[in-house]
Amino acid sequence: MATQRLFFALELPAPLQQQLVQWRADNFAAEAGKPVEAANLHLTLAFLGEVGDETSRKLQLLASRIVQPGFALDLDDAGHWPRPGVVWLGCQRAPRGLLQLASLLRAQAARHGCAQSAQPFHPHVTLLRHAASQVALPARGFHWRTDIHHFALFASNVTRGRTRYQALARWPLLS
Ligand code: 2AM
């Protein structure tokens with residue numbers, strides 16, 4: 001059976017992706033880690049793993065029935081997880097709408113056999129991978145705000161060593 005590596009996520013607008021890439025270049029040493037490409041900067045809501053067509057269809061149907069207001073996302077926090085080697089941007093206070101949406105998608109995924117991490121959900125945008133064991137983080141005080149009007153299902157494809165995320169479907173949040 002053909003499977004795809006899928007995840008639900010929030011997209012970031014292209015101008016914000018560019019601003020984050022510039023800020024990252026200005027604030028992190030080249031040896032800090034491997035930068036995630038601008039177009040790949042996103043915030044994962046629920047990771048599904050390798051999923052077959054039938055499960056994908058069911059989860060998309062459930063996603064299409066979600067009725068929830070949009071929310072403002074404030075990116076004003078950063079951190080380093082040495083174990084997975086990730087440097088991330090996140091929120092000092094995650095919006096309730098974001099937590100509700102992620103919680104629902106994660107519960108639906110789990111009910112359809114997509115095992116969810118036992119770790120508490122920590123919304124984040126991965127900036128660097130393969131991060132060094134010690135990374136100097138920029139001082140707090142940075143802040144980007146973006147209004148979230150939809151969420152999406154992505155497929156992760158690796159071709160010739162390069163990861164690309166392809167949006168398979170998008171669903172609106174209420175305005
Ligand atoms: P990360 O950025 O923290 O690595 C596509 O790989 C997306 O799914 C990434 O945002 C990644 O999170 C997330 N992801 C990959 N494997 C995961 C896992 N086992 N549990 C939760 N999220 C995962």
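A few points about this structure:
- Lone qualifier among SER103, SER133, SER117 - being at pLDDT 95 or above, under 23 Å from VAL36 (Cα atoms) and polar (S, T, N, Q): SER117
- Long-range neighbours under 9 Å by Cβ, at least six apart or interchain, first residue within 13 Å of THR163 (Cβ to Cβ) within region 30-46, second within 12 Å of the ligand (Cβ to nearest atom) and among the aromatic types (Phe, Trp, Tyr): ALA39/TYR165; ASN40/TYR165; HIS42/PHE7; HIS42/PHE154; HIS42/TYR165
- Residue count for region 158-175, restricted to those that are open to solvent by less than 80 Å² (accessible area, probe 1.4 Å) and in a strand (DSSP E or B): 7
- If only residues of region 158-173 that are within 13 Å of the ligand (Cβ to nearest atom) and free of Cβ contacts under 8 Å to residues at least 24 places away in the same chain are counted, the one that is farthest from the chain's Cα centre (by Cα) is VAL158.
- Residues being of a type in the set (D, E, K, R) and either touching a Lys or Arg at 6+ places or on another chain (Cβ under 6 Å) or crowded, with 16+ Cβ neighbours inside 10 Å (or both) - total across region 53-68: 0
- Taken as a whole, the structure places VAL125 among residues that are open to solvent by less than 20 Å² (accessible area, probe 1.4 Å) and among the β-branched types (Val, Ile, Thr).
- GLU37 vs. criteria surrounded by fewer than 19 Cβ atoms within 10 Å (Cβ to Cβ), of a type in the set (D, E, K, R) and more than 24 Å from LEU137 (Cβ to Cβ): no
- Meets criteria (under 20 Å from ARG164 (Cβ atoms), within 12 Å of the ligand (Cβ to nearest atom), surrounded by 13 or more Cβ atoms within 10 Å (Cβ to Cβ) and under 18 Å from the mean Cα position of the chain (by Cα)) for LEU20: no
- Identity of the residue in region 127-157, part of a loop (DSSP other than H, G, I, E, B) and aliphatic (A, V, I, L, M), that ends up nearest to the ligand (Cβ to nearest atom): ALA131
- Taking residues in region 114-126 that are within 9 Å of the ligand (Cβ to nearest atom), and partners anywhere that are assigned to a loop (DSSP other than H, G, I, E, B), the pairs with Cβ atoms closer than 6 Å and at least 6 places apart or on different chains are VAL125/LEU41; THR126/VAL36.
- Beta carbons closer than 7 Å, at least 6 apart along the sequence or on distinct chains, pair a first residue in region 136-156 that is farther than 25 Å from GLN100 by Cβ and in contact (Cβ under 8 Å) with a residue 24 or more places away in the chain with a second that is of a type in the set (A, V, I, L, M) and surrounded by 15 or more Cβ atoms within 10 Å (Cβ to Cβ) for LEU137/ALA78; PRO138/ALA78.
- Single condition GLN119 does not satisfy, out of (1) of a type in the set (S, T, N, Q); (2) open to solvent by less than 90 Å² (accessible area, probe 1.4 Å); (3) within 20 Å of PRO84 (Cα to Cα): (2)
The values are calculated or read from the model by the stated rules, or taken from the named source; none is laboratory data. These numbers come from a predicted model, not from an experiment. Neighbour counts are summed over all protein chains in view; Cβ atoms, including those assigned to glycine, are modelled from backbone coordinates with ideal geometry. With ligands, DNA and RNA removed, areas are computed over all heavy atoms of the protein, side chains included. Shrake-Rupley method; radii C 1.70, N 1.55, O 1.52, S 1.80 Å.
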